[in-house]
Amino acid sequence: MTMMRIFMGMMLMCSAAASPCFAASAGTKLVGQVTTLLAQHDKALAAQDVKGIMKTYVAGPEIFLMGTGPGEIYRGQEGVAGAYSQFFTRFDKGSLGVTYNWVSAGSRGDLAWFSAEGTMKGTVKDTMKEIGVNFSGTLLKQKGTWRFVALHFSRLGVMPGPEEQAGK
């Protein structure tokens, strides 16, 4: 009987130790999917491709994009697309890249959320600029693929736009 208790205790401890590993592997898959979506978004952003960016969002009027400061809230397909067109004036086409230091994500059914932190580098009038960026958002799975419903970004420092460059 004592051997059976020892055996059962060892099995219980092994199960408890293995449980976080199983949870991490499920989260790792989601993090990989979110990272892929962010890469699609960033590639379209660097190419200044509004249609490509909008493919990373859910189709429908409920989407929004929120920035760092007052007034940086863009709603609906037209508002979000217009915001990106405005962002394109802040860096040279093809020069932008984002490196993520970490991405975290969770989900329930067809709804997911994420946060990420990294560095954005790009050129403005052929001058290299680098800023820290944070992203968070809500995702919805449509036709088996995660898409943004809401995206929030904050920047630590600003890549100046043409209006700031003109003053220098």
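Please work out whether the stretch 31-131 counts as rounded, prolate or oblate from its C-alpha gyration tensor, where a ≥ b ≥ c are the square roots of the eigenvalues and a/c under 1.5 means rounded, while otherwise a/b larger than b/c means prolate and anything else oblate? Please list the in-between numbers first.
Working: a/c = 1.78, a/b = 1.25, b/c = 1.43.
It is oblate, given that a/c is not under 1.5 and a/b is not larger than b/c.
Using the structure shown, list the pairs from Lys29/Lys141; Lys55/Lys125; Lys93/Lys121; Lys43/Lys93; Lys55/Lys143 with a Cα-Cα distance above 18 Å, or answer none.
Over 18 Å Cα-Cα: Lys55/Lys125.
What is the extension gain from Lys143 to Glu62, computed as 0.36 nm multiplied by their sequence separation minus the C-alpha to C-alpha distance, in nm to one decimal?
Gain in length upon complete extension: 27.4 nm.
Backbone geometry of the stretch 37-53 corresponds, through the Karplus equation with coefficients 6.51, -1.76 and 1.60 at θ = phi - 60°, to 3J(HN,Hα) couplings of 4, 4, 5, 4, 4, 5, 5, 5, 4, 4, 7, 6, 10, 4, 4, x, 5 Hz, x marking Gly and Pro. Rolling a 1.4 angstrom probe over the stretch 105-154 with all protein chains present gives an accessible area of which 48% lies on carbon and sulfur atoms.
Heavy atoms only, 1.4 Å probe, whole protein assembly: order Asp42, Asp49, Asp126, Asp110 by accessible area, highest first.
Values: Asp42 20, Asp49 65, Asp126 140, Asp110 90 Å².
Result, largest first: Asp126, Asp110, Asp49, Asp42.
Residues in the stretch 60-112 average 58 Å² of solvent-accessible surface per residue, probe 1.4 Å, ligands and nucleic acids excluded.
Under 5 Å between amide hydrogens, built in the peptide plane, is the criterion, and for Ser95 it picks out Thr123 among residues at least 5 positions away or on other chains.
The values are calculated or read from the model by the stated rules, or taken from the named source; none is laboratory data. Given the structure is predicted, the values throughout are model-derived calculations rather than measurements. These accessible areas exclude ligands, DNA and RNA; they are computed on the full protein's heavy atoms, side chains included. Shrake-Rupley method; radii C 1.70, N 1.55, O 1.52, S 1.80 Å.
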